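This report refers to the structure that appears directly beneath it.
The values are calculated or read from the model by the stated rules, or taken from the named source; none is laboratory data. As the structure is a prediction and not an experimental result, all values here were calculated from the model. Cβ atoms come from the backbone with ideal geometry, glycine included; neighbour counts cover every protein chain shown.
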Amino acid sequence: MSDFVSVTKDGRIAVVTIDNPPVNALSFHVREPLMQALVSLRDEPDVAAIVIACAGRTFVAGADITEFGKPVQQPDLRAIIAVLETIAKPTVAAIHGTALGGGLELALGCHFRVADAGAKLGLPEVKLGLLPGGGGTVRLPRLVGALKALGMIVSGTPIDATEALAAGLVDAVFEDGLTAQAVRFASEMAGRGGPFTPVRDRDGRLDQAELPEFDRQAAELAKKARGLEAPIACAQSVRNAITLPFDEALAAERELFVKLVAGDQSRAQRHLFFAEREAAKVGAKDIVRRKIARVGVIGAGTMGGGIAMAFANGGYPVILLETTQEALQRGLATIEKNYAVSVARGSLSEDAKCLRLGLFKGSTDYGDLADCDLIVEAVFEEMAVKREVFGRLDAVAKPGAILATNTSYLDVNEIAASTSRPQDVVGMHFFSPANVMKLLEIVRAEKTAPDALATIVELARRIGKVPVVVGVCHGFVGNRMLAARGSESEALLLEGATPQQVDRVFTDFGWPMGPFQMGDLAGLDIGWRNRKARGQTAIIADTLCEQGHFGQKTGSGFYLYENGSRIPVANPSVEALIRAKAVKKGIAPRTIAADEIIERTLYPLVNEGAKILEEKIAARASDIDIVWVNGYGFPVGKGGPMFWAGLEGIDKIIGRLDHWHERTGKDVFKPAPLLRQMAETGSWEGAAS
Ligand code: T1G
């Protein structure tokens, strides 16, 4: 056959094996020989049944994403499935690892699906700004029902083999020996004799009576789409499966797919797919990583507790250290409460909760950290405190242990210098809540050893984090750019915009919330403390904090939060405060357009990103996109600030930055040289090289 598709016979059962490492994507060089194999086996009288299996660690994990945006080479997946459905003898997909996207669609083209107990099955195309384009939205509802299919396709979240069996998606689950079991299953089916009904002809699970509930759920999901087209298209296409004949629904799915794959949103989300994987490529492939078996966390406050949970959730035993028993017990109680909330919500089983809690050991003795391979410090954000902690760590930690600081602003080089082993010191900047937020800024200090860095990057992926390596500067990548984005927020208020108006521009752009609501959620006192430490001011926010208005936690900040509610309402006293400060500064209010708000907040964000690339604080523009999408809610449909800048137009951004620089004289608007180079070269990589 070919290097990528082989056929073997087990008696009268043919086994077609796909072998296209690393994830058996359905690249053209797989599709062509696969089509040939299926056609010849269909017509081979000696073959009683066909099993489709995959070599390596997973079943087909989808179409080849690198082929999108290029002319489609035939046969495409739909053509292969169309041939599969003409095969009269039983066809069986043998699924291990992940059957995702086009991989699951290929399996849906078979009469039967059998899975390994550890398998996961799903249609995650929505995460790439797409909908299943190989018939998944029309065939899956025929097996699992429209409501189940809607949930799976709009969320893009795979289900496990047990759930797939219960839902009717797979016909059998085997603990081991998958291929042999699949051959036995196929042989049994052949023995029973046909006819075997292709999924396309199974309408039994489609029920028009479900339409009202379907539409209700689809409307709910649409509300959460925040401007993303793919979730809406997914729901529409599954609905078509209920209301239209099969071929019409299939054609409609195709139309939606072709539209989405050519759109900016899918391009942005595909960019993020590969950017996330690029960001994790740190150091030589063959660098020997250090062994991490036991983790210590210093500080059981909000950050320390969340960090400890992130490691326990990843299966690592954790020693949680505090200065006093009282503080320790408080921290452990919060952790237990957080797990109880997850159990109550049904996102964690009672057994899993007990298992994870069993991984914690509390301590007030630094000596207990002596056996840890990694120790993460999450104490008060003050240099003197950090240096004292690292000095003590240096005395107790074993040779080769990695010492990490969770500082979000402070100089990691200075912290490392407070030890005799700066090569083992690295920054691990988690985002709050640390057990939930996926982003992890890994700070490479001047003396951080390459193997220590590579070890932490790999560990981050193991505990489900999205790692991005950044250099040392104030605020690293995320918070430094956040400061640039926020630098004009107060000026916009003084000149006539309201917090609601600014935040509305951000939510219309696709953010979960705007800067003022975000400030209230995080607590205005954090920024206030930071500004004071740096001798900076923000007259509105500072005044609010001096008056004790820290945001949600005090019931008032830029917004009011009545009776402990999290819903922000306009705060008349803030509007009065803004007007009073403006009068004092002699600023007359004017109408400010949404475009101006974007220009004075997001253009400086991009500009600061360009400066960060110039200074090599970030290795790639796409790393900055990953930081902002995973740590600051930048809309995935826009691909992150640096990708979005390409959509917005670099020349336009430079033109408006120049305009505001002339008008305000503020550095935040002075276009970075690299931004101008980007305008010439058309790519950040080209500009940086
Ligand atoms: N196409 C091309 N390359 C892929 C790929 C794919 N589908 N999936 C993974 N890779 C590359 C990836 O870039 C990386 O490359 C390497 O494989 C290992 O991946 C018609 C429209 C399967 C769960 O969305 O979710 O089918 O960096 O590091 O952590 O309806 O990969 O080494 O050079 O992620 O073990 C739908 C995408 C496609 C699944 C494995 N499928 N993949 O995770 O490894 S659209 C998906 C994943 C589609 C049809 C439609 C994960 C994984 P490199 P990795 P991993």
- Message: I'd like the full set of residues that are exposed (fewer than 13 other Cβ atoms within 10 Å of the Cβ), of a type in the set (Asp, Glu) and more than 15 Å from ARG485 (Cα to Cα), limited to the range 652-684.
- Response: GLU662, GLU680
- Answer yes or no as to whether THR157 is within 13 Å of the ligand (Cβ to nearest atom) and assigned to a loop (DSSP other than H, G, I, E, B). yes
- Message: Considering only the range 278-293, I want to know if a residue exists there that is out of contact with any strand residue (DSSP E or B) (no Cβ under 7 Å at 6 or more places or on another chain) and more than 30 Å from GLY471 (Cβ to Cβ).
- Response: no
- Message: Among the residues that make up the range 442-460, is at least one of them more than 30 Å from ASP286 (Cα to Cα), small (Gly, Ala, Ser) and buried (at least 17 other Cβ atoms within 10 Å of the Cβ)?
- Response: no
- Query: Which residues, taken from the range 17-62, are assigned to a loop (DSSP other than H, G, I, E, B), touching a helix residue (DSSP H, G or I) at 6+ places or on another chain (Cβ under 9 Å) and within 16 Å of the ligand (Cβ to nearest atom)?
  - Reply: ASP19, ASN20, VAL23, ASN24, ALA25, SER27, THR58, PHE59, VAL60, ALA61, GLY62
- Can you tell which of ALA99, ALA88, ALA149, ALA115 is surrounded by fewer than 24 Cβ atoms within 10 Å (Cβ to Cβ) and more than 9 Å from the ligand (Cβ to nearest atom)? ALA88
- Would you please list the contacts, defined by Cβ atoms under 7 Å and residues six or more apart or on different chains, that run from a residue in the range 94-108 that is within 17 Å of ALA55 (Cβ to Cβ) to a residue that is within 9 Å of the ligand (Cβ to nearest atom) and among the polar types (S, T, N, Q)? HIS96/THR58; GLY97/THR58; THR98/THR58
- Item | Check on ILE242, more than 14 Å from the ligand (Cβ to nearest atom), among the β-branched types (Val, Ile, Thr) and surrounded by 17 or more Cβ atoms within 10 Å (Cβ to Cβ) | yes
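This table checks each residue for (1) free of Cβ contacts under 8 Å to residues at least 60 places away in the same chain; (2) within 14 Å of the ligand (Cβ to nearest atom).
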{"residue": "ARG254", "(1), (2)": "no, yes"}
{"residue": "PHE273", "(1), (2)": "no, yes"}
{"residue": "GLU278", "(1), (2)": "no, yes"}
{"residue": "LYS285", "(1), (2)": "yes, yes"}
{"residue": "ILE298", "(1), (2)": "no, no"}
{"residue": "THR302", "(1), (2)": "no, no"}
{"residue": "ILE307", "(1), (2)": "no, no"}
- So which pairs qualify, if the first residue must be in the range 25-38 and at positive phi, the second must be surrounded by fewer than 21 Cβ atoms within 10 Å (Cβ to Cβ), the Cβ gap must be under 7 Å, and the two must be at least 6 apart or on different chains? none
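Let's see how each residue does on (1) among the polar types (S, T, N, Q); (2) at pLDDT below 95; (3) part of a loop (DSSP other than H, G, I, E, B):
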{"residue": "MET428", "(1), (2), (3)": "no, no, no"}
{"residue": "GLU446", "(1), (2), (3)": "no, no, yes"}
{"residue": "ARG461", "(1), (2), (3)": "no, no, no"}
{"residue": "GLY464", "(1), (2), (3)": "no, no, yes"}
{"residue": "ALA483", "(1), (2), (3)": "no, yes, no"}
{"residue": "GLU490", "(1), (2), (3)": "no, yes, no"}
{"residue": "THR507", "(1), (2), (3)": "yes, no, no"}
- Only listed residue being touching a Ser or Thr at 6+ places or on another chain (Cβ under 9 Å) and surrounded by fewer than 13 Cβ atoms within 10 Å (Cβ to Cβ), chosen from PHE257, PHE274: PHE274
- Being within 13 Å of the ligand (Cβ to nearest atom), surrounded by fewer than 21 Cβ atoms within 10 Å (Cβ to Cβ) and not in a loop (DSSP other than H, G, I, E, B) narrows it down to one of LYS127, LYS70, so name that one. LYS127
- Item | Residue ID - nearest to GLY11 (Cα to Cα), chosen from residues in the range 174-200 that are in contact (Cβ under 8 Å) with a residue 12 or more places away in the chain and acidic (Asp, Glu) | ASP176
- Item | Candidate set: the range 130-143, residues that are out of contact with any strand residue (DSSP E or B) (no Cβ under 9 Å at 6 or more places or on another chain) and closer than 18 Å to LEU206 by Cα; chosen: the one surrounded by the fewest Cβ atoms within 10 Å (Cβ to Cβ) | ARG142
